Amino acid sequence: MGFRLVVLCGYLFLLAPGIFVAIIAFSSDRFLTFPPPGLSLRWFAALWEHEALMGAMRRSAILASVVTVTALAIGVPAAYAIARLSFRGRDAIFAALTAPLLLPTLVLGLGILLVFFPFGLAATWPGLAIAHLAVTLPFVVRIMVTALSTLPPDLEDAAATLGATPFTVVRRITLPLALPGLIASAALAFLISFDEVVISLFIVGPRLSTLPVEMYRYVEGHTDPLVAALAVVLITLSLGVVLLVERLLGFMRAVGR
């Protein structure tokens, strides 16, 4: 009973900010006040009509989709080589690919800006995509290495013995078995890229902005509940992605428990 109470208090502590934000999002007041004097959907309607935020949301969705596809295209073959092949420098490559996980995003963002500036990549779509790839690729590699390491190699050996080419073995045996990890990697990469704000602040420019950066700029000059309504929308979308992965595959199975 005591353990359950501690767990319940932990959940309440973690969810409390989201609960307050959700309540404020339905406020009828013009300012951020709690408790709200009344309930209304006016800020969700205002959000839909806000061109800057809606445009930034579309740009973030496109950017996150491109980054996700690129991270999978690079990370899955790299993870397969690390998990399945034996070659000199394998551990060093794995450490290099996952090294950004150990760095604070502030330090990583500053380093990326210093590298990008001489090449003219700052405030550009390619530069922003590469910067997001630096923080999403390590997660894809880490999850896929775990997922591929848990697969029984006997099935691949049996397929190869029966005459299947290496490409056919990967396409017909390995990838279908690693599908849970693949879907989890894609979902996590998309959410990380879509939500990235610290590194984006270093790379974006006045004519190129993502949704988290636009939200940051909005709260600097406004005190209305519009940003709370947007936060509720984003929380709902993120929760929907996690629940979809859980429903289809089981989240712990998908990340390679």
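The values are calculated or read from the model by the stated rules, or taken from the named source; none is laboratory data. These numbers were taken from a predicted model, which means no experiment stands behind them. Note that each Cβ is placed from the backbone with ideal geometry, even for glycine, and that neighbours are counted across all protein chains shown.
Quick one: count up the residues across region 144-173 that are surrounded by fewer than 20 Cβ atoms within 10 Å (Cβ to Cβ) and either of a type in the set (Gly, Ala, Ser) or outside any helix (DSSP H, G or I) (or both).
The qualifying residues number 11.
Yes or no, residue by residue, for (1) among the aromatic types (Phe, Trp, Tyr); (2) modelled with pLDDT of 85 or more; (3) assigned to a helix (DSSP H, G or I):
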position	(1), (2), (3)
Phe3	yes, no, yes
Cys9	no, no, yes
Ile23	no, no, yes
Thr33	no, no, no
Arg58	no, yes, yes
Ala61	no, yes, yes
Ile82	no, yes, yes
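Could you pull out the residue among Ser200, Ser185, Ser193 that is part of a helix (DSSP H, G or I), buried (at least 19 other Cβ atoms within 10 Å of the Cβ), of a type outside the set (A, V, I, L, M) and touching a His at 6+ places or on another chain (Cβ under 7 Å)?
Answer to the check: Ser193.
Name every residue in region 1-37 that is of a type in the set (Gly, Ala, Ser) and more than 26 Å from Thr223 (Cβ to Cβ), in order of residue number.
Selection gives Gly2, Gly10.
In region 12-22, what residues are over 17 Å from Val232 (Cβ atoms) and surrounded by fewer than 10 Cβ atoms within 10 Å (Cβ to Cβ)?
Phe13 - this is the single residue of region 12-22 that is over 17 Å from Val232 (Cβ atoms) and surrounded by fewer than 10 Cβ atoms within 10 Å (Cβ to Cβ).
Mind listing whichever residues of region 23-46 are within 17 Å of Leu234 (Cα to Cα) and touching a residue at least 12 places away in the same chain (Cβ under 8 Å)?
Ile23, Ile24, Ala25, Phe26, Leu41, Trp43, Phe44, Ala46 - these are the residues of region 23-46 that are within 17 Å of Leu234 (Cα to Cα) and touching a residue at least 12 places away in the same chain (Cβ under 8 Å).
Please work out if Arg88 is without any contact (Cβ under 8 Å) to a residue 24 or more places away in the chain, in a loop (DSSP other than H, G, I, E, B) and surrounded by fewer than 16 Cβ atoms within 10 Å (Cβ to Cβ).
Answer is yes for this residue.
Here are some conditions: (1) touching a Ser or Thr at 6+ places or on another chain (Cβ under 9 Å); (2) over 24 Å from Gly221 (Cβ atoms); (3) at pLDDT 85 or above. Pro77 meets all but one. Which one does it not meet?
Every listed condition holds for Pro77 apart from (1).
Test Phe44 against the criterion of being out of contact with any Phe, Trp or Tyr (no Cβ under 8 Å at 6 or more places or on another chain) and more than 22 Å from Tyr216 (Cβ to Cβ), and give yes or no.
When the stated conditions are applied, Phe44 does not pass them.
Inspect all residues belonging to region 127-143 and state whether any of them is free of Cβ contacts under 8 Å to residues at least 60 places away in the same chain, in the same structural domain as Ile62 (by TED's automatic domain parsing), surrounded by fewer than 19 Cβ atoms within 10 Å (Cβ to Cβ) and in a helix (DSSP H, G or I).
Checking region 127-143: at least one residue is free of Cβ contacts under 8 Å to residues at least 60 places away in the same chain, in the same structural domain as Ile62 (by TED's automatic domain parsing), surrounded by fewer than 19 Cβ atoms within 10 Å (Cβ to Cβ) and in a helix (DSSP H, G or I).
Kindly list the number of the only condition in (1) in contact with a helix residue (DSSP H, G or I) (Cβ under 8 Å, 6 or more places away or on another chain); (2) part of a helix (DSSP H, G or I); (3) of a type outside the set (Lys, Arg) that fails for Leu121.
Tallying (1) in contact with a helix residue (DSSP H, G or I) (Cβ under 8 Å, 6 or more places away or on another chain); (2) part of a helix (DSSP H, G or I); (3) of a type outside the set (Lys, Arg), Leu121 fails exactly one: (2).
Of all residues in region 173-212, which are modelled with pLDDT under 85 and of a type in the set (S, T, N, Q)?
The answer is Thr174, Ser209.
Quick check on Arg59: is it assigned by TED's automatic domain parsing to the domain that holds Tyr216, over 21 Å from Gly181 (Cα atoms) and of a type in the set (Lys, Arg)?
Judged against the criteria, Arg59 is a match.
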